[in-house]
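Every read-out reported here was derived from the displayed coordinates using simple, explicitly stated rules and does not represent laboratory data. No experiment lies behind these values; they were computed from the predicted model shown. Here the Cβ positions follow ideal geometry from the backbone for every residue, glycine too, while neighbour counts run over all protein chains shown.
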């Protein structure tokens, strides 16, 4: 893994697991966007704690095991879902009354620490196998680095048709190509090279926002009226602003310490040391998640321990800046969380004013999700092929279609990482029975 | 019969599938998740369909929040698709809003529509 295990990181993981479990237990914040809207039924006693827990478990357990763990192992940073979906489960498992909240907090903290040591232990265990394939796992994310800048074009196509989408696609390719050729400047003897993928991504995101801002209202907006009845929920979230700020600070600090990453794309870029590009990607994802997180928060009175994910953006930029970077990350994270909570009322009222922005959010999440599905799948094939050039492609392509035909299909996004990891384990088994000799290069 | 497609992903694909299996008896419209949920709330449409990567978040969240969890069900989530009989009984038990993983659309929509049209 990319993080180091020391007193500070152990403490931060414990704090992260602890506070997220506490927030879920006290019905203040949960990470799964689909769990949040369940809370009004729980508050009105139409749903009991057991059902709330069962729902949380059903929604999240498969994602932790099937998506969180393999993505984290392949990427060498813990993807935030692995810890925060688990703390949703832990928090709702315990009663919210009396001492139970401290049990929930303690179990959450313990989970954070176990995850920290556990992930490292898994990587260490893989390294002592006769064929060490951990070096090839990074290949799973190789397409994300080279091609993720395509997503704004796809989001625009969903929003404004394929002509606009195609135009943005060509624009993105041109920007990347031109920056690669001419993006080097010498200023006072120091060469400054613009990152071509970062520039392409930035231009794409700007184009995406411009298209969204130009969109006219297509139907009578009555969302603001519908949301007016939820003002009590906004007050409830505001009441918990301080603890949410603390959570935002800890999440940001954990990001800066390379313990967690907000999504598969920024995870890969962060792992590669491309922090500026990772921050742009995280910003794009925030644009996508603002409507979803905020609308679900407004209808439920429950927020997310990571807010709209904006806290990750400065946190990524603070990586490798020493103690001041850590302090800066914590403070910025906490402040962003406060601003987000204060803006909830404004968002509820402005719901109809910028219809394009709501669509932009949906389309951004969809486009990112689609690009990740494909990029991680092909990345998984390339990684499996690097591990076993004879059978790698066969294995991952087969796995993809077996998953589609399965009665219990995993997230498509997880097939690449799972395919690469299982390929590595398979070649070791084949090696043991003499079917996969080690080639000395 | 009016069906709205609300939640997030592959809305056009969902609408096409609903039209295909609706046997000419279903009017489909694509809306934002909020507008679609409001259409159910105000009885302007009878059923809500939505898809996303988790089958519960972007797909169904606004329907759960505005229409109420008792009317909503995730037909599939990562790692689990309901059996055909479970899907049919969800429709028979009066569920109105259905969320599922976008990749499962072609598996669950024919069953959902078949049962809905029996009503």
Quiz prompt | Helix-only CD estimate at 222 nm, as mean residue ellipticity for the protein assembly as shown, using -39500 (n - 2.57) per DSSP H run (n ≥ 4) | solution = -21000 deg cm²/dmol
Quiz item: Once you sort the root eigenvalues of the Cα gyration tensor of the protein assembly as shown as a ≥ b ≥ c, which label holds: rounded (a/c under 1.5), prolate (a/b larger than b/c) or oblate (the other case)?
Solution: rounded
Practice problem: Looking at the protein assembly as shown, send over the antiparallel percent of its DSSP beta bridges, to the nearest 5. | Solution: 25 percent
Quiz prompt | Nearest-0.05 FRET efficiency for residue A:124 and residue A:422, computed from C-beta distance (R0 22 Å) | solution = 0.75
Self-check item: Ordering of A:203-212, A:34-43, A:113-122 by packing [mean C-beta count within 10 Å, highest first]
Solution: A:34-43, A:203-212, A:113-122
Exercise. Please give the FRET efficiency for residue A:242 paired with residue A:7, using the beta carbon to beta carbon distance and R0 = 22 Å, rounded to the nearest 0.05.
Key: 0.25
Practice problem: Could you list A:400, A:303 in order of exposure, starting from the residue whose Cβ has the fewest other Cβ atoms within 10 Å? | Solution: A:400, A:303
Self-check item: Prolate/oblate/rounded label for the range A:78-138 (Cα gyration tensor, a/c 1.5)
Solution: prolate
Exercise. Classify the range A:42-94 as rounded, prolate or oblate, taking a ≥ b ≥ c as the square roots of the eigenvalues of its Cα gyration tensor: rounded when a/c is under 1.5, otherwise prolate if a/b is larger than b/c and oblate if not.
Key: prolate
Quiz prompt | Most fluctuating residue given options A:247, A:164, A:406, as computed from a GNM of chain A linking Cα atoms under 10 Å | solution = A:406
Quiz item: Can you give the convex hull volume per residue for the Cα atoms of the range B:2-116, as a whole number of Å³?
Solution: 81 Å³
Quiz item: Any idea what log10 I(q)/I(0) is at q = 0.15, 0.17, 0.19 Å⁻¹ for the range A:1-117, Debye with uniform C-alpha scatterers and no solvent?
Solution: -0.62, -0.78, -0.94
Self-check item: For the range A:57-182, alpha-carbon Rg over 2.2 N^0.38 Å
Solution: 1.52
Practice problem: Compute the distance in nm between two label points, each set 7 Å from the Cα along the Cα-to-Cβ direction, one at residue A:393 and one at residue B:16. | Solution: 2.8 nm
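Over all pairs of distinct alpha carbons, what does the Kirkwood formula give as the hydrodynamic radius of the range A:198-270, in Å?
So the Kirkwood estimate lands at 16.6 Å.
Based on other C-beta atoms within 10 Å, arrange B:86, A:262 from fewest to most.
Result, fewest neighbours first: B:86, A:262.
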